[in-house]
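Asks: This is the structure I want to talk about, given as structure tokens.
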Amino acid sequence: MLLAGSNAVNPLLPIYREQLGLDPLVLSLTFVLYVAVLVCALFFLARPGRAHHATPFLLASLALLIASDLLLAHAQEWSILAGRVCAGLSGGLGTGAASALVVAAIGAKGRAVTATGNFVGGVLGAGASQLVVSLIGEAAPQAVFLGHAAIVAALLLAAIVVLRARRDANHADLTEAPGTPAPARIDRRAVRMFATGTIAWTATSVAVVFGATVFADLGQPLVQAIGPTLLLGTSASAQLASPAITRIAPWISGALAMGLGIAGMLSGAWLALDALAIAGFAVLGAGVGVSFRAGLIALARGASPSRQGSLASLYAAVTYTVSAATVLTVGWAGNTTGLVPAVFAALGAVGTVSIFALIWTPRLRDTFEPLLASTAHPAFTPRDSRVVGRSVTGRKHASIPQ
């Protein structure tokens with residue numbers, strides 16, 4: 001629901017723009033202010049020791065999300081920007097906390113769940129928002145955000161009950177062992193994972209934040225309605241299918257699909273071919289889903305729940321920082337060149353970088369969860385990773401970092 005609320009605003013931007021006369025820079029600020037606050041919170045919470053407070057952080061996150069919804073439903077320029085600030089703080093508090101709690105509850109497979117949850121939430125938010133826009137038009141902002149606030153309020157009550165019942169287990173799982181170094185070690189391999197996630201999230205941010213508005217300006221309403229939501233949908237689908245794809249083609253990275261998808265989007269806009277642009281959104285989404293998931297899981301392989309929360313927060317902070325800077329630059333340039341040229345130039349640059357990134361991006365084989373050294377069989381191969389996730393004590397996650 002954190003990601004649903006964040007993405008629900010994007011299909012509404014053309015309505016906000018028409019009703020309030022928002023210029024490209026203000027449109028970009030709806031994303032950049034959200035990310036600025038989000039990133040500050042994420043960096044603050046990126047130390048493993050702070051994951052010990054995951055439960056109150058998550059509950060506070062849901063409460064702030066309700067406040068954000070009420071501000072966004074008011075549909076004034078100041079309330080929209082204030083709502084996005086609240087949403088950023090909510091996301092910062094909730095991202096690492098949710099990730100740590102999921103891994104504590106269900107073990108190593110929770111790493112994939114938290115990565116996929118981002119895009120599933122994005123699909124729900126953008127898809128439902130676009131549907132409401134199609135059905136009721138200008139009244140959509142109130143309906144979308146008041147409905148989302150009601151759902152989040154119900155989840156807040158449910159979370160209070162569940163987390164209270166699990167308080168002892170979570171306390172044990174989220175407490176680092178004495179002598180465990182607090183900071184996450186960032187080496188050359190980790191930098192490659194951060195770069196992979198950054199490329200993927202920047203492509204998503206530019207396409208989703210500006211996609212509906214750009215194709216509305218180009219007179220392609222079908223692409224406006226379908227494209228951004230389809231991107232998020234294929235991202236989630238690719239993530240859910242990644243374990244099966246890994247068994248068949250472990251060498252896949254997703255970077256090539258991102259480049260091809262962006263080429264399809266730009267060609268569809270240039271030639272006024274809706275089908276080609278929509279296919280480009282779909283292929284881009286699949287590439288983003290594979291790349292973003294692979295980067296996060298490869299980064300956090302073998303980590304304890306506390307470190308999972310730390311690394312998830314740091315991964316989100318880095319990827320959001322770069323994507324926010326890109327979106328802000330596009331908005332600033334759009335005031336001079338027009339929004340369409342600025343967006344397409346940014347997408348072209350990201351597509352080119354993604355092709356070069358084939359040299360070093362992680363492959364699906366890099367998402368296998370490692371066995372502990374004490375339990376690994378001498379004949380262990382990546383295909384044996386289906387049994388990974390239980391230590392010699394029978395616990396569902398490995399509490400010793402790789």
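The values are calculated or read from the model by the stated rules, or taken from the named source; none is laboratory data. Because the structure is predicted, anything quoted here is derived from the model rather than measured. All Cβ positions, glycine included, derive from the backbone under ideal geometry; neighbour counts span all protein chains shown. Surface areas here come from the heavy atoms of the whole protein model, side chains and all, with no ligands, DNA or RNA. Shrake-Rupley method; radii C 1.70, N 1.55, O 1.52, S 1.80 Å.
Asks: Take Ser267, Ser235 and sort them by solvent-accessible surface of the protein heavy atoms, 1.4 Å probe, largest at the top.
Replies: Order by accessible area, largest first: Ser267, Ser235.
Asks: Could you rank Cys86, Cys40 by how accessible they are, 1.4 Å probe, largest area first? All intermediate terms of the calculation are to be shown ahead of the outcome.
Replies: Details: Cys86 35, Cys40 95 Å².
From most exposed to least exposed: Cys40, Cys86.
Asks: For the stretch 1-98, restrict the atom set to alpha-carbon positions and state the Rg and Dmax in Å.
Replies: Values for the stretch 1-98 (Cα only, Rg and Dmax): 13.9, 46 Å.
Asks: At 1.4 Å probe size, with no ligands or nucleic acids counted, give the accessible surface of Ser237 in Å², nearest ten.
Replies: 70
Asks: Further question on the same structure: Per 5 Å bin from zero, what fraction in whole % of the C-alpha pairs of the stretch 314-357 is there, up to the bin with the longest pair?
Replies: Spelled out per bin, shortest first, that is 5, 22, 23, 23, 18, 7, 2.
Asks: Using bins 5 angstrom wide from zero, how does P(r) for the stretch 207-249 break down, in % of all Cα pairs?
Replies: Here the calculated profile for the stretch 207-249 is 6, 24, 20, 15, 11, 10, 9, 6, 1.
Asks: Tell me, what is the 1.4 Å probe accessible area of Thr337, in Å² to the nearest 10?
Replies: 80
Asks: Hey, for a label at Ala345 modelled as a point 7 Å past Cα toward Cβ, could you say which residues of the stretch 261-287 have their backbone N under 15 Å away?
Replies: Nothing falls inside the zone, counting backbone N under 15 Å.
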